[in-house]
Every structure is written in C-alpha cells, then in structure tokens.
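Okay, so here's the structure we're looking at.
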Amino acid sequence: MDFSRVPIRNWFGYTRRERRATFILLLIILVVTGVRYIFPVKNSSIEELSASFAYASDKSDADNGVMTESQEQWGVFRYDQQQQLLDINTCDSAALEALPGIGPVLSVRIIKFRNLLGGYVSVSQLREVYGLNEETYEMIAGRIFADTLKVRKIKINRAEYKDLIRLPYFDRYEITAILKYRELKGSITGMRDLTENKLVAVEKSDKIKPYLDFGE
C-alpha cells in the first residue's frame, strides 16, 4: 500500500469536524496549562484556613467589644484599646475575678494593697501582691492599666506618723527620721532632700516619689 497517497484522516479515523473539535480542545488545554504556569494556584493548608477563620472570628468579637484569648496573637484589639482595658485603680473585686488566674482571695489582696499604696502607679506593682505569681501576672498584664490620676498622694510636709506608715515602702525608722528632719530643718523640697540626708534609701526613691506631694 502506498501510504503517501492515503489521506492522513484515514490513519486516525477522524472526520474533518472531529479534527476541528480535537484541535480546539488541544488549544484550550494549552491555554489553561499556560495560565496555571504563569499564575500558580496556592494550596492553603488546613492550618492556614483555620487561622483565617480564627482571625475573622476574633475580629468580629473585637468589633463587638468582646475580648477573646487569641486577640493578642492576631493583634485585632489595638483599636480604642484603653477603653477595653481594666483600670486596677478603680475596678471592684468582681471585675478582677473576671481576669484569668484571679480568684476571690487574690482580688481582695489586690484591692487591699491598692488601698495601702493609695493607688497603683504601674501595673508591674501587682508583682508585689502576695500570692500573685509571675505566670498569672503575664496572663493579665496586657488586659489592665493603672490610671495614675487616681493615685492618692501624701503631703510630706504635713503628714503625721500614721499617714506615712500606711505607705508600704516606708520603714519605721525612715518615718521617724523624716519627722525629725522636718522639726529641725523645716520643709522638704523634694526627693533629693530625702536621699542626700539619708532619710530614705536611694534605691527606694523611684518607688516612693510618685506617692509624695512636696507642696506646703
């Protein structure tokens, strides 16, 4: 048989219409393959999808003013943050007990220490509350703040022994020395008078200063 004279369509058994359809199909396959090569499709893992859903859920809760455990991870609680934080200088025991790791006993101790101080000037002072461990502190530190405008100061030039002794940072001998200095020298003008005259230890000055009013 002379193959050169046999039409090619007879080799495959295709009609002219079938050849045209086959050509179009091949063209479509080539185009799709080319597009997928140029714009590869990213396969999202289960973890990524879960993370996306978690983010969306937390964002919705944040918009409604609800705090969730994963907000710090996703950073969706940055807006109007101070309004969502708990002021440890004005909150009651019930509000404190809503914090993770804080029960009735710790909430009472936090408020009692607040009253002794005259208010917290820093959230880190909670580390000084008896029974509040570092793990609990780390859990609640990002959910609270201390409004220093609420701090009750001591008028150092008018205060009596009973007024000074309530501040836990003062030792009895320091209070006695302060009252004696006032009697002999007159007014105390600032922390420098207290530290240079060794009325108060230098290492205590930063803790004590926010609680003192040096006015007359």
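Every read-out reported here was derived from the displayed coordinates using simple, explicitly stated rules and does not represent laboratory data. It should be emphasised that the depicted structure is a prediction, and the values quoted were computed from it without experimental measurement. Counting neighbours? That spans all protein chains shown, and the Cβs are built from the backbone with ideal geometry, glycine included.
When Rg and the Kirkwood radius Rh are both evaluated on Cα atoms of region 136-183, their ratio Rg/Rh stands at 1.19. In sequence order, region 97-110 has phi-based couplings of 5, 6, 7, x, x, 9, x, x, 5, 5, 5, 5, 5, 4 Hz under the Karplus curve 6.51 cos²θ - 1.76 cosθ + 1.60, θ = phi - 60°, and Gly or Pro positions carry x. Counting Lys +1, Arg +1, Asp -1, Glu -1, what net charge surrounds Tyr137 among other residues with beta carbon under 14 Å of its beta carbon? Summing Lys and Arg as +1 and Asp and Glu as -1 gives -1. Karplus-based coupling profile of region 172-185, in residue order and whole Hz: 4, 5, 5, 5, 4, 5, 5, 5, 5, 4, 4, 5, 8, 9, with θ = phi - 60° in 6.51 cos²θ - 1.76 cosθ + 1.60 and x standing for Gly or Pro.
You can think of it this way: the chain between Ala98 and Asp206 has 35.7 nm of extra reach, that is 0.36 nm per residue less the Cα-Cα gap.
Residue pairs exceeding 21 angstrom between C-alpha atoms, taken from Lys153/Lys207; Lys112/Lys198; Lys150/Lys180: Lys112/Lys198; Lys150/Lys180. Each of Val31 and Leu116 was given a label point 7 Å from its Cα along the Cα-to-Cβ line. The distance between the two points is 8.0 nm. Restricting region 152-184 to GluC sites (Glu not before Pro) that sit in a DSSP loop and have at most 14 other Cβ atoms within 10 Å of their own Cβ leaves Glu160. Count Lys and Arg as plus one, Asp and Glu as minus one, and take only other residues whose Cβ is under 14 Å from that of Ile28; the net charge is then +2. Distant-in-sequence amide contacts of Ile154, defined by a placed amide H-H separation under 5 Å and a gap of 5 or more residues or a different chain, comprise Leu212, Asp213. If the chain linking Arg152 and Glu138 were pulled fully straight, counting 0.36 nm for each residue of separation and taking away their Cα-Cα distance, it would gain 2.4 nm.
Our Cα-only numbers for region 154-213 put the radius of gyration and Dmax at 10.1, 26 Å. Amide H to amide H, with H built 1.01 Å from N, Phe145 comes under 5 Å of Leu86, Asp87, Ile88, counting only residues 5 or more places away or on other chains.
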